[in-house]
Amino acid sequence: MASRLSRESDQLIEFQRGVLARWQAAARKDDLAAIGALVRAGRWQTLYRGVYAAHSGPPAREATLWAAALRCGPWAALSHATAAELDGLADRPSHATHVMIPGQLRVRLCATEFGAERPRIVVHRSARCAVATHPARTPPRIRTEETVLDLVDLAPTFADAFGWMTRACGRRLVTVDQLRDAAALRAKLRWRADVDVALGEITDGVMSNLERGYVRNVERPHRLPKPRRQAQRSQGGPRSYLDNFFEDFGLAVELDGLSAHPAEERWRDIHRDNYHAGYGILTLRYSWADIVGRPCFVAREIARVLTGRGWTGTLRRCGPACQTRLP
């Protein structure tokens with residue numbers, strides 16, 4: 001019975017991971033009749049209204065995503081958390097499927113369309129949908145740099161927004177220049193001024209909220225020297241990166257966030273510190289609680305070590321309530 005479909009529909013089914021939309025076959029009456037017969041016979045199944053899987057078993061994740069995009073029409077593209085999942089920006093699938101359509105269009109969805117194997121579709125409308133859609137990636141989806149900025153717009157706090165930007169750049173999914181160019185093309189962007197500053201910090205090697213806290217709470221207010229960030233070390237051993245490396249003074253300052261440094265990796269960090277010590281590099285480690293709760297103490301401790309190793313600068317009080325005496 002599948003042979004009754006035209007070659008064009010067969011090619012679409014193969015390209016779209018076994019999924020076909022009724023609107024794609026609307027110009028071919030024989031195909032529409034064949035689709036109806038296949039669904040009634042139980043050989044095909046309906047995923048969303050007017051969108052079918054050319055098999056009877058559970059659909060694969062990619063087939064479900066294709067179906068959601070096709071359900072929203074020929075100009076739709078997967079976006080936000082769903083595009084982030086496909087591009088490797090998000091670490092787990094989103095519960096709902098996010099789809100973007102041009103701002104002048106409307107899509108009417110019915111709650112009865114959704115179920116265990118048919119996730120809810122969240123539609124976003126944007127006048128920039130056409131220019132923001134990637135020209136080649138499949139299923140059709142928004143460009144990664146645009147997705148990052150979409151997630152920045154929806155982030156509950158700027159810390160969450162900064163996390164999306166650093167994750168995208170740290171995983172080499174986008175560059176700072178791509179984010180900056182995409183931001184410049186938007187008439188509206190939440191936290192625009194903060195985003196501009198944050199992109200400069202990322203360029204400087206600040207790749208997490210904890211590292212950003214170190215710069216803003218410890219380094220700048222106390223006028224500590226600027227270290228080399230994300231410094232690569234591979235001398236005589238495996239390649240590693242130091243969060244902050246004062247190369248002239250043989251001091252590394254490592255920042256241990258719980259998500260980045262779980263307990264099972266503690267021994268790896270200790271072995272790396274021991275290895276660096278063999279080359280005269282002293283390592284100081286600080287947690288989120290240190291950076292947020294005791295920044296003056298952290299600054300004083302770093303300054304004391306730097307001074308003992310030849311730094312001739314002067315530590316500055318961060319304000320009248322600075323919590324520690326200067327060395």
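Readers should treat all values here as calculations from the given coordinates under stated rules, not as data from a laboratory. Note that this is a predicted model, so its numbers are computed, not measured. Cβ sites come from the backbone with ideal geometry, for glycine too, and all protein chains shown count toward neighbours.
Miscellaneous remarks
- With the Kirkwood sum run over all distinct C-alpha pairs, the chain has a hydrodynamic radius of 23.3 Å.
- In the chain, helical runs assigned H by DSSP with n ≥ 4 each contribute -39500 (n - 2.57); averaged across all residues and rounded to the nearest 500, the mean residue ellipticity at 222 nm is -11000 deg cm²/dmol.
- Debye equation applied to the C-alpha atoms of segment 2-59, log10 I(q)/I(0) at 0.17, 0.19, 0.26 Å⁻¹: -0.44, -0.56, -1.13
- The local environment of P221, defined by Cβ-Cβ distances under 10 Å, has a net charge of +4 under the rule Lys, Arg +1 and Asp, Glu -1.
- When the chain is treated as a GNM with alpha-carbon contacts under 10 Å, the residue of R167, R22, R141 showing the greatest mean-square fluctuation is R22.
- Anisotropy class of segment 145-203 from Cα gyration tensor, a/c 1.5 cut: rounded
- Distances between every pair of Cα atoms in segment 64-114, grouped in 5 Å steps from 0 to the bin holding the largest one, split as 4, 20, 29, 24, 15, 7, 1 percent.
- Separation between Cα centres of segment 10-46 and segment 155-200, rounded to whole Å: 41
- Summing Cβ point charges (Lys, Arg +1; Asp, Glu -1) relative to the Cα centre of segment 2-59 gives a dipole of roughly 180 debye.
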